[in-house]
Amino acid sequence: GENGLTPTMTGQFMVELIPDLEGLCEIHCKELLSLDSSNMQPEDWAVIAKAVFAAVEVFDGVVITHGTDTMGYPAAALSFMLQHLTTPLVLTGSQLPIGDPNTDGKRNILDAFRTAADGRLKGVYLVFDHTIIRGVNARKVCSRNFHAFESLNRPAEGVIRNGEVCLSAA
């Protein structure tokens with residue numbers, strides 16, 4: 001459209017596309033914003049922060065799907081807005097749409113839920129291409145391959161290997 005891509009897929013539909021999520025944890029979906037990530041503004045990050053703040057009163061972790069063009073910005077902003085978060089907030093997205101046969105979206109969402117359900121991390125993280133990055137250190141470095149994000153000025157917090165969350169030694 002005129003204002004970029006307009007996401008139309010619901011969270012529940014995405015969850016249904018990923019059978020490996022079944023049994024991992026209890027999932028409740030909430031549609032928050034349906035914007036092209038390149039059109040998001042700081043006011044939208046505040047909407048996300050308020051929703052997360054309310055959600056962590058009820059849930060043990062939160063996963064947010066987000067467009068990758070600007071995902072590093074809200075990951076950093078939410079890290080500061082939610083500094084004392086006692087549960088994990090995990091942002092993820094995909095380089096290819098989830099409906100594409102070669103999508104990375106399904107495994108990124110699965111890895112994000114694995115990370116959120118693991119119970120060892122607190123705070124804001126970005127999970128992408130099997131890598132767990134602190135939100136404040138996440139930076140998009142490539143728009144073409146699946147290893148699109150790296151951790152700046154700090155090693156990644158961990159990886160997801162063979163379906164297991166493996167945290168780096170502190």
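Numbers at a glance
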{"quantity": "Carbon plus sulfur fraction of accessible area for the stretch 1-129, probe 1.4 Å, in percent", "calculated": "53"}
{"quantity": "Surface accessible to a 1.4 Å probe, per residue, for the residues of the stretch 53-170, Å²", "calculated": "51"}
{"quantity": "Qualifying GluC sites (Glu not before Pro) in the stretch 14-74, DSSP loop, other Cβ atoms within 10 Å at most 14", "calculated": "E22, E26, E31, E57"}
{"quantity": "Prolate/oblate/rounded label for the chain (Cα gyration tensor, a/c 1.5)", "calculated": "rounded"}
{"quantity": "Cα gyration tensor, the stretch 1-101 - rounded (a/c under 1.5), prolate or oblate", "calculated": "oblate"}
{"quantity": "N153-Q41 FRET efficiency (beta carbon distance; Förster radius 35 Å; 0.05 resolution)", "calculated": "0.85"}
{"quantity": "Candidate aspartates and glutamates - alpha carbon under 19 Å from K122, same-chain residues fewer than 8 apart omitted", "calculated": "E26, E57, D60, D111, E157, E164"}
{"quantity": "Given the chain, longest segment not containing exposed loop trypsin sites (Lys or Arg not before Pro) (DSSP; at most 14 other Cβ within 10 Å)", "calculated": "31-119"}
{"quantity": "Partners for K30 among lysines (Cα-Cα distance below 19 Å; same-chain residues under 8 apart left out)", "calculated": "K50, K106"}
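The values are calculated or read from the model by the stated rules, or taken from the named source; none is laboratory data. Computed from a prediction, not measured in an experiment: that's the story for all the values here. For neighbour counting, all protein chains shown are included, and Cβ atoms are generated from backbone atoms with ideal geometry for every residue, glycine included. Areas reflect the complete protein model, heavy atoms only, side chains present, ligands, DNA and RNA absent. Shrake-Rupley method; radii C 1.70, N 1.55, O 1.52, S 1.80 Å.
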